[in-house]
Amino acid sequence: MTRHFIHDLEDAYRRLLTLSGSVEQIIERAIGALTRRDVELAREVIRADEEIDQTEVRIEEECLKMLALHQPVATDLRRLTTMMKVNNDLEQIADLACGIAQRASRLVDYPSFPIPELIDQLAQRAVQQVRAGLNAFVNHDVRLSQSVIEKDDDVDELNVKVIESLAQLMQQDAGWIPPALECFSAARGLEQIADHAVNVAEDVIYMVDGVIVRHRRSDGIEPASLP
């Protein structure tokens, strides 16, 4: 490939790394807003999401331009398409964090509602998954990617426990149904954030090994290899 392509690819890659750092921050802020019922912090998350949306669009435009102008193949093509997928996953993670922040701002009206500690555990697990998935992307680490994929079941099981805990609270006091539903939605958002981390991990395996593992973990089908 030409020097111009390599320069453009590395420039887009650096932008993507910066975006990943911003997304990690917005998740942590959203979690803080939720656990502390912090309205101002929730507003900061919502404002930050707008900038992330704009950055995601710029990166996608740069990647599409490279596809059109340079028509990369093989390893270069896999790297570029993976960057586009990770870029999209990061934007969706930020959107989910924004949704969690919105739920947090509504919990302010229910100061006596006991937010289950399991939600904080779920939040920390989701953050760990995102951080590990992004580290795998940065370091082209297939083994770490596989670890992220394997740990997704643990996140799902923890989410089930959160739901059970919230159901018990709603049974104890009908007045807690509205805040419990807000927490339920927030927990669902955290579980989906972890799912996007899995997407990133699966894309890393494709980028490095040319193997498509998405949708093939539970159906017994052998992963497909691509050039």
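Within the range 170-180, the set of residues being part of a helix (DSSP H, G or I) and either buried (at least 18 other Cβ atoms within 10 Å of the Cβ) or of a type in the set (D, E, K, R) (or both) comprises W176, P179, A180.
Before we move on, is S185 within 26 Å of A201 (Cα to Cα), among the small types (G, A, S) and assigned to a helix (DSSP H, G or I)?
Values: within 26 Å of A201 (Cα to Cα): yes; among the small types (G, A, S): yes; assigned to a helix (DSSP H, G or I): yes.
In short, yes.
Among the residues of the range 82-140, those that are part of a helix (DSSP H, G or I), small (G, A, S) and over 18 Å from A30 (Cα atoms) comprise A132, G133, A136. All but one of (1) in contact (Cβ under 8 Å) with a residue 40 or more places away in the chain; (2) buried (at least 20 other Cβ atoms within 10 Å of the Cβ); (3) under 18 Å from the mean Cα position of the chain (by Cα) hold for E56; state the number of the condition that does not hold. E56 satisfies all of (1) in contact (Cβ under 8 Å) with a residue 40 or more places away in the chain; (2) buried (at least 20 other Cβ atoms within 10 Å of the Cβ); (3) under 18 Å from the mean Cα position of the chain (by Cα) except (1). Close contacts from the range 39-52, counting a first residue that is assigned to a helix (DSSP H, G or I) and a second that is at pLDDT 95 or above and acidic (D, E), with Cβ to Cβ under 6 Å and a gap of 6+ residues or different chains, come to none at all.
Listed residues A101, A74; which is touching a helix residue (DSSP H, G or I) at 6+ places or on another chain (Cβ under 8 Å) and touching a residue at least 60 places away in the same chain (Cβ under 8 Å)?
Working: A74 fails: touching a helix residue (DSSP H, G or I) at 6+ places or on another chain (Cβ under 8 Å).
Within the list A101, A74, the selection yields A101.
Of the candidates A33, A42, A101, the single residue that is under 21 Å from I193 (Cβ atoms), in contact with a Ser or Thr (Cβ under 6 Å, 6 or more places away or on another chain), at pLDDT 95 or above and of a type in the set (A, V, I, L, M, F, W, C) is A42. A Cβ distance below 7 Å, combined with a sequence gap of six or more or placement on separate chains, defines the contacts here; from the range 19-38, residues that are on the phi > 0 side of the Ramachandran plot reach residues that are buried (at least 19 other Cβ atoms within 10 Å of the Cβ) and assigned to a helix (DSSP H, G or I) in the pairs R37/A104; R37/L107. Taken over the range 1-14, residues that are among the charged types (D, E, K, R) and surrounded by 16 or more Cβ atoms within 10 Å (Cβ to Cβ) amount to 1.
Look through L64, L9 and report the one residue that is more than 23 Å from G99 (Cα to Cα) and free of Cβ contacts under 8 Å to residues at least 60 places away in the same chain.
Working: L9 fails: free of Cβ contacts under 8 Å to residues at least 60 places away in the same chain.
The match here is L64.
Counting the residues of the range 96-130 that are crowded, with 16+ Cβ neighbours inside 10 Å, within 11 Å of the chain's Cα centre (by Cα) and not aliphatic (A, V, I, L, M) gives 1.
The values are calculated or read from the model by the stated rules, or taken from the named source; none is laboratory data. Note that the structure is predicted; figures quoted are calculated from it, not measured. Backbone-built Cβ (ideal geometry, glycine too); neighbour counts: all protein chains shown.
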